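Here is the structure we will look at.
What follows draws every value from the coordinates through simple rules; no lab data is involved. Computed from a predicted structure; not experimentally measured. All Cβ positions, even for glycine, are placed from backbone atoms using ideal geometry, and neighbour counts span all protein chains on display.
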Amino acid sequence: MSERAAGQPKSRFPYVIGAGGLLLLFSISVAISVGAVSVPLHTVWSILINQVAPGTMEQDWSKGREAIVWDIRFPRALLACLVGAGLAVVGGSLQAVTRNPLADPHLLGISSGAAFGAILALMHTGMFLGLITVPLFAFGGALAATLLVLAVSQFASATSADRLILAGVAVSFIVMSLANVLIFLGDPRATHTVVFWMLGGLGLAQWCHLAFPFAVLVLCGAYIWANAGKLNAMTVGDETAATLGIPVARFRLIIFVVGALVTGVMVAFSGMIGFVGLMVPHIVRLLVGGDYCRVIPASALFGAIYLLWSDIFARTIMAPEDMPIGIVTGLIGGMFFVWLLRRRAR
Amino acid sequence: MRTGHLVAKDICWRPAKNQPFLLHPVSFEVYPGRVLGVVGPNGAGKSTLLRMIYHYQKPTTGQIMVDGQDLWGMSAKAAACKVAAVLQEQPGAFGLTVRDIVALGRTPHRSALSSSGAHDAEIVTQAIARMQLEHLSTRNFDTLSGGERQRVMVARALAQQPQVLVMDEPTNHLDIRHQLEILSLIRSLGLTIVVSLHDLNMASDVCDAILLLKDGHCHGFGSADEVLSEKLVSDTFLVTAQRQKLSVSQNQHLTFHLPT
């Protein structure tokens, strides 16, 4: 990075957040507007405003359109925002505590663990705890996979950055195999749905479901943001962070557990959406610099925008079919990963 | 800046109960503003000793006192306000600027949720100025040279406002010019410093006292003239050491050969 460009990130931060906020509003509007039935932007806003403050808008739209906008597309857009923001924030914080720019909940096997837990609940145990069953099992699976990755990296003495990722990939393969066994053993009629869900999709979004990802994102995001200074210190090294008074091992474990919680809940509602946590923080650092006080909120914002547009793309490329969004993020994220490897090699 | 009085009483360390000691009991004292050099062959226990002082590994037995307070009786945060360390770890490529890195030094002085105030910013600015890094303060740390990075890490330690500074091989991987700059910096800081060094001549130039370690045992503690004698150095490092007077500067200088 040139000296001139590096000198600006801090003062640029308010503008980046302001512009990002406007872009987010615009992206949500577009996401609601486009689809099999196209709804003009002004109608979208009229419906939304009328829902919040009934009677303020003259009703010049059909009931069907209102249902499409308010019951289907708006919750879907909000779910995209929550999942994108959550995965990006988790990716950024995992990168700091593992001191590894390649860390990502998907690459580290956390998403696979969450998928395993969710499949267990969906196909085998049933919803014995109600709506919360799947997210809870997904969190359990994510946590188990996280601890497994940490144990494997200890066991294989894979403490270096690149080898931790290899440990994650290994665990990811093992857990995915086990998840596939669960699918294989399950009810064949449900197989199609579960496999599609696993490829990633926001099509099941409903208002009554949004509370879980929202609550988890707000609480965990706030915790991570409040500890941004510690995340900065962790990028220097374990021993140096310890000399700054940070309980290094405990803090890393907490971030992993928080990451598993967010990833688990996001996977439960949207399937496996990879590479968001890898990509977004890197792009954000180019905009606002490396200080985590700025990286965390900016990652949340741009993670939301990124997933909104990925979903718009996935819904429109083969309309009226919904392409699984995991295919889109995998394609973009994989290419980004290659670019990142090349940049690091130089 | 207040500088501390460091006392180590019979500190020793082993990884676990049934394992051998990597460092056997050693005692020493460093007066305020003085520099203690820790020297010895590879694997002598230098890093172990330093880790106990910068609050990373707890001594198996023994005590470390800073200004009469037991370092391991206080919280990690309180200890971090007393002892800072410049280690060989290098920050990863996360796009932090020089100022971001130096500001990390304020971490232990802040309470959990408060952001950095004007007072912290002032201290960070002073630390940057003291290390003459003003022109680099907005630069990305990853783009700096080895010597510049080392100065940033020292500035970070100064922003911590410690009473004792620990430095682990600060001259490693630096060219001669930057090695000499770091040594003169050590002299000029006026802090109580514990520094591990490989170069015995540099150690005798810069340190007020020397602690000589080998295989986890203390082989000498005292002034450089006493500890870095021909016999002791020869025995410890398994070389033939000779103390010679340089003809131009009249300084003492050690030379080393493989024993024949």
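Worth a mention:
- Segment A:82-109 residues near the modelled A:VAL169 label - backbone nitrogen below 17 Å, point 7 Å along Cα→Cβ: A:100-109
- Segment B:164-254 shape via C-alpha gyration tensor axes, a/c threshold 1.5: oblate
- Computed [θ] at 222 nm, deg cm²/dmol, chain A (DSSP H ≥ 4; -39,500 (n - 2.57); rounded to nearest 500): -23500 deg cm²/dmol
- Between the residues B:ILE182, B:LEU197, B:TRP13, the greatest Cα displacement towards the positive end of the dipole of chain B, with unit charges on the Cβ of Lys, Arg, Asp and Glu, is found for B:TRP13.
- Centre-to-centre separation between the Cα atoms of segment B:45-101 and those of segment A:56-90: 51 Å.
- Here segment A:262-288 is scanned for amide nitrogen atoms under 20 Å from the site 7 Å beyond the Cα of A:PHE196 along Cα-to-Cβ, giving A:267-274.
- If you take the Cα centroid of segment B:137-206 and the Cα centroid of segment A:278-338, the two points sit 42 Å apart.
- Cα centre as origin, Lys/Arg/Asp/Glu Cβ charges: the protein assembly as shown dipole, Debye: 100 debye
- Percent of beta bridges antiparallel (DSSP, segment B:138-249, rounded to nearest 5): 50 percent
- Within 10 Å of each Cβ in A:283-292, the average number of Cβ atoms from other chains: 4
- Value of relative contact order over chain A, rounded to a whole percent, pairs C-alpha under 8 Å and six or more apart: 30 percent
- Interatomic Cα distance distribution for chain A, bins of 10 angstrom, percent: 6, 25, 33, 23, 10, 3, 0
- Around the Cα centre of segment B:91-161, unit charges on the Cβ atoms of Lys, Arg, Asp and Glu (plus for the first two, minus for the last two) sum to a dipole of about 120 debye.
- Each part gets one Cα centre, and for segment A:122-136 versus segment A:173-251 those centres are 18 Å apart.
- Global size of the protein assembly as shown as Cα Rg and Dmax, reported in angstrom: 28.9, 103
- Cross-link pairs exceeding 19 Å in C-alpha to C-alpha distance, out of A:LYS230/B:LYS77; B:LYS46/B:LYS231; B:LYS17/B:LYS58; B:LYS46/B:LYS214, comprise B:LYS46/B:LYS231.
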